[in-house]
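Chemist: Got a structure here, written out as structure tokens. Questions coming.
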Protein chains: 2
Amino acid sequence: MYTYPFKLEKLINEISKLPGIGPKMAERTAIYIFKKGQPAADALSEALGGIKDIKFCDICGNISAAGTCAVCSDEKRDKGAICVVESPEDVITIEHTGKHSGVYHVLYGLINPLNNILPDNLKIRQLLKRSEKTENIREIILAINHTVEGDATSLYIADAVKTANPDIKITRLAKGLPTGSDIKYADEITLGQAILERKEI
Amino acid sequence: MYTYPFKLEKLINEISKLPGIGPKMAERTAIYIFKKGQPAADALSEALGGIKDIKFCDICGNISAAGTCAVCSDEKRDKGAICVVESPEDVITIEHTGKHSGVYHVLYGLINPLNNILPDNLKIRQLLKRSEKTENIREIILAINHTVEGDATSLYIADAVKTANPDIKITRLAKGLPTGSDIKYADEITLGQAILERKEI
């Protein structure tokens, strides 16, 4: 029976290790790259080689071109307000809003005991270190998804930070109806929460 | 405003060129590779380097480790029956059925004038060359999807082969109900075709 050449199988195998790529898509991607030819493959290889020049920021853990990231080394950013996020993608999303002038802390995941992700597997200890009294942090903004794992992680961090430094104000992003959404299509939990947390105008 | 380091942007850009990968997935994939570290990136790079050792088969156009693919160079395969397919993935799928003992011809696409894919953009000329009288081909099996583009491509090939060599029998895969399917959920066109092409048992 015909099978793909060994080197194509190897490429399919490597591609299928990437997240969200199943075996059929890996096959299709590998054949696509093969049909594009060696220059296209080389361009991707070269970009992969650049990984070695990318670092984690010493302070916030975000992806950085240098030892300290562009946000942490920016004198104009408010070092007293830390926005805690699950992933580097969230930093980019929040930066696009233009509503946070402080710094960040990237957890790289959320607490999820069922998947064996415990507080020690996340960058929570580093956050507690940043919360010590000598660091002059005023506020920690938990920009964490409103999910079961997000709630658990938020509660854990709030408890731990309060213990380390009771002077820090801990906030979490507001729950409510998305802008432009239609009430008749809103889910019950979101709508219920929006009613409970209604604001006087 | 914080943006990703240049080298990460470059990797995201290269990954987003792959088929079926949107900008968000490219971002997630690049960060995943970065978090896995350089050895994981190197493994993928090395596999990409293997592309240069993969070839198109001189005869059938399929992906091959050598100039002639494993099927075309196999003496046990029936060289008189050519199964025509759209892509290399289809060869693998048909091989898994174990029902075709002949050889293949890979078109690399289907005729689609709206997307500017004309017969000359596919490997149809090579198929006509293989269909010449001196090559002793008995049958050409069109294993092409039952879609508008598939129908157009099948008709075009059937016409062209008949002109080149009227002795060749041209067949197309049967239309009908899939094995294990439920009549009440079948679409009208498939069911209608299955009725028209009913077989005496």
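Chemist: Test of the criteria: in the range A:145-201, which GluC sites (Glu not before Pro) are in a DSSP loop and have at most 11 other Cβ atoms within 10 angstrom of their Cβ?
Modeler: Taking the range A:145-201 and a limit of 11 other Cβ atoms within 10 Å, the loop GluC sites (Glu not before Pro) found are A:E197, A:E200.
Chemist: Considering only chain A, pick the residue with its Cβ nearest the axis of the rotation onto chain B, and state the distance in whole Å.
Modeler: Closest to the rotation axis on chain A: A:S45, 2.
Chemist: Distances over 24 Å make up what percent of all Cα-Cα pairs in the range B:1-99?
Modeler: The calculated P(r) of the range B:1-99 puts 47 percent of pairs beyond 24 Å.
Chemist: Give, in whole angstrom and from largest to smallest, the semi-axes √(5λ) of the equivalent ellipsoid of the range B:80-129, with λ running over the eigenvalues of the Cα gyration tensor.
Modeler: Rounded to whole Å, the semi-axes are 23, 13, 6.
Chemist: For the range A:151-201, which trypsin sites (Lys or Arg not before Pro) pass both filters: DSSP loop (anything but H, G, I, E, B) and at most 12 other C-beta atoms within 10 Å?
Modeler: Counting only loop positions with at most 12 other Cβ atoms within 10 Å, the trypsin sites (Lys or Arg not before Pro) in the range A:151-201 are A:R198, A:K199.
Chemist: On a 0 to 90° scale, report how tilted helix A:6-16 is relative to the longest principal axis of chain A, with both axes built from alpha carbons and the result rounded to the nearest 10.
Modeler: With both axes taken from Cα atoms, the answer is about 10 degrees.
Chemist: Using only the Cα atoms of the range A:78-172, what do you get for the radius of gyration and for Dmax, in Å?
Modeler: In order Rg, Dmax, the Cα atoms of the range A:78-172 give 12.6, 37 Å.
Chemist: What is the pair-distance distribution P(r) of chain A, computed from all Cα-Cα distances in 10 Å bins starting at 0, with each bin given as a whole percent?
Modeler: 7, 24, 26, 22, 14, 5, 1, 0
Chemist: In nm, to one decimal, how far is the A:I183 label point from the B:N116 one, both placed 7 Å along Cα→Cβ?
Modeler: Here the answer is 5.1 nm between the modelled labels.
Chemist: If you count the DSSP beta bridges with both ends in the range B:78-172, what percent of them are antiparallel, to the nearest 5? Don't skip to the answer; put the middle values down first.
Modeler: Working: 1 of 14 bridges.
If we restrict to bridges inside the range B:78-172, about 5 percent are antiparallel.
Chemist: Something else about it: Out of the range B:1-110, which trypsin sites (Lys or Arg not before Pro) are coil in DSSP terms and have no more than 11 other C-beta atoms within 10 Å? Working shown, then result.
Modeler: Numbers: sites: B:K7, B:K10, B:K17, B:K24, B:R28, B:K35, B:K36, B:K52, B:K55, B:K76, B:R77, B:K79, B:K99; in loops: B:K17, B:K76, B:R77, B:K99.
Sites meeting the loop and neighbour criteria: B:K76, B:K99.
Chemist: For chain B, modelled as a Gaussian network with Cα springs under 10 Å, which listed residue fluctuates most, B:T163, B:T97, B:T68?
Modeler: With Cα springs under 10 Å in chain B, the top fluctuation among B:T163, B:T97, B:T68 is at B:T97.
Chemist: With springs only between Cα atoms under 10 Å, which of B:D187, B:D53, B:D74 fluctuates most in a Gaussian network model of chain B?
Modeler: For chain B, modelled as a Gaussian network with Cα springs under 10 Å, the answer is B:D187.
Chemist: Can you compute the FRET efficiency between B:E200 and A:K24 using 1/(1 + (r/R0)^6), with r the Cβ-Cβ distance and R0 = 22 Å? Round to the nearest 0.05.
Modeler: It comes out at approximately 0.05.
Chemist: Here's something else I'd like to know. For A:M1 and A:E75, compute 0.36 nm times the residue count separating them, minus their Cα-Cα distance, and round to one decimal in nm. Can you show the working numbers first?
Modeler: Working: separation 74, 0.36 × 74 = 26.64 nm, distance 6.45 nm.
Full-extension gain reported as 20.2 nm.
Chemist: Around A:N145, what is the net charge, scoring Lys/Arg as +1 and Asp/Glu as -1 over all other residues with Cβ under 13 Å from its Cβ?
Modeler: Cβ neighbours under 13 Å give a net charge of -3.
Chemist: Scaled to the compact-protein estimate 2.2 N^0.38 Å, what is the alpha-carbon radius of gyration of the protein assembly as shown, rounded to two decimal places?
Modeler: It is 1.35.
Chemist: A further question follows. Roughly how tilted is helix A:38-49, in degrees to the nearest 10 and between 0 and 90, from the longest Cα axis of chain A?
Modeler: Around 30 degrees separate the two axes.
Chemist: In nm to one decimal, list the spacings between the A:I189 label point and its equivalents in the other copies, with label points set 7 Å along Cα to Cβ, shortest first.
Modeler: 4.1
Chemist: Also, quick follow-up: Given Cα positions, please report Rg to Rh for the range B:6-51, the hydrodynamic radius being the Kirkwood one. Write out the running numbers ahead of the final one.
Modeler: Working: Rg = 10.5 Å, Rh = 10.9 Å.
Computed over Cα atoms, the ratio is 0.97.
Chemist: Still on this model: Please report the antiparallel percentage of DSSP beta bridges with both residues in chain B, rounded to the nearest 5.
Modeler: For chain B, the DSSP antiparallel bridge percentage is about 20.
Chemist: Given a Förster radius of 41 Å and the C-beta distance between A:K169 and B:E89 as r, what FRET efficiency does 1/(1 + (r/R0)^6) yield to the nearest 0.05?
Modeler: Working: r = 57 Å, r/R0 = 1.38.
So the FRET efficiency works out to roughly 0.15.
No value in this document is a laboratory result; all are computed from the given coordinates. Remember, predicted model here, so these are calculated numbers, not experimental data. Here the Cβ is made from the backbone with ideal geometry for all residues, glycine too, and neighbour counts use every protein chain on show.
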